[in-house]
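Presented below is the structure to which this report refers.
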C-alpha cells in the first residue's frame, strides 16, 4: 500500500523530466533546478571544501558526529553537484549520526570514465590521511553515485587500501551495457526515460568497453567488499541491475542486503520531506550505517 503523496511526487518528476533530446548543459540545468525546487531540511551546517584533489562540502545537522559519510551524488555521470544533493545528504546525516563529505567529481563527457572513480578514491584517501578511522566511514551514493560507490570500493580493494565500514547504494547505475529487461521495457514504467539512461552511458564510456568491471560493477569480482545495502524501487528502469549487483555480491561472500521498494520510482528519496517512503528509506540507510560503522569503529578504539 503506497502513500497518497506518491501521486504528487510522480507528477513533479514527470513535469521536470530530462528529455532525451536535451544537451548536456540543459540536463545539468534541469537536474539542479529540480533539486532547488524541493524542500530543504532546516538547520543544515555547510562548510565548503576546496583542496587540490578534493572539492565539495562538509554537511552536518548539528551536534557531535563520530562517523563520516563519503557521499557521491547522482546525475548519470554527466550532471549533478554536491549542492544539488544537499537535502538528501543532510537527512542521511541526521539518520545515522554522521557528518558527510559530499564531493564534486569530474563529469563526462568532458572527463569520461574513469575520471570520476579516480576523484572518489582521492577523496577517500584524503579522509584517511587526516586520521579518519576507515571503520567509521561509510560510502553512500545515488544512481550514478551508487555506481561510483561500487567502483570506488573495488578500486580501493585492488589497491590494498583499508576499506570503509559499509556502503549504501541507492538505485545504483552499475551496468553500462544498458541491456537489462527493466531498462528496455520502454518508457512509462518509471519517471526515467530509458533513452536518457542509454545516452548517459554513451557519454560516460566515450567509446570504451561497457563490460569493464570498474565501468559496470555488475561484472566485477566483488570479493572482500564491506557490507552493502542496496535500495531500488520496484518500477525503476535500473531495478534489474540493482538485483544483479546484489546477487553477485552475495555469490562473492559479501554481506549484501537488497531492499526493493514497492511502486517507488527513481529518486524517491529526494521527496523525503513529504513522501513517507522516502523518509523510511533514508531511515533504513541510517540504521544500516549505525549497525555496521558504529560497532566496528568502537571495536578499534
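The values are calculated or read from the model by the stated rules, or taken from the named source; none is laboratory data. Small disclaimer: the values here were computed from a predicted structure and weren't measured. Quick reminder, even Gly has a Cβ in these numbers, built from the backbone with ideal geometry, and neighbours come from all protein chains shown.
Points worth noting:
- Among (1) crowded, with 16+ Cβ neighbours inside 10 Å; (2) part of a loop (DSSP other than H, G, I, E, B) - the single one residue 208 does not satisfy: (1)
- Checklist (1) over 16 Å from the mean Cα position of the chain (by Cα); (2) farther than 27 Å from residue 283 by Cα applied to residue 165, failing item: (2)
- The range 13-26, residues that are touching a residue at least 60 places away in the same chain (Cβ under 8 Å), assigned to a helix (DSSP H, G or I) and surrounded by 13 or more Cβ atoms within 10 Å (Cβ to Cβ): 13, 24
- Output for the range 33-57, where each listed residue is more than 26 Å from residue 268 (Cβ to Cβ) and touching a strand residue (DSSP E or B) at 6+ places or on another chain (Cβ under 6 Å): 47, 48, 49
- In the range 101-114, the residues that are surrounded by fewer than 18 Cβ atoms within 10 Å (Cβ to Cβ) form Cβ pairs under 7 Å with partners that are outside any strand (DSSP E or B) and modelled with pLDDT of 95 or more, at six or more places apart or across chains, as follows: 106/115; 106/116; 106/119; 109/24; 109/78; 109/203; 109/206.
Each row is one residue, and each column tells you yes or no for (1) within 12 Å of residue 174 (Cβ to Cβ); (2) surrounded by 21 or more Cβ atoms within 10 Å (Cβ to Cβ); (3) within 15 Å of the chain's Cα centre (by Cα).
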site: 217; (1), (2), (3): yes, yes, yes
site: 232; (1), (2), (3): yes, yes, yes
site: 241; (1), (2), (3): yes, yes, yes
site: 253; (1), (2), (3): no, no, no
site: 268; (1), (2), (3): no, yes, yes
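- Leading residue by the ranking (nearest to residue 183 (Cα to Cα)) among those in the range 237-259 that are in a loop (DSSP other than H, G, I, E, B) and in contact with a strand residue (DSSP E or B) (Cβ under 9 Å, 6 or more places away or on another chain): 238
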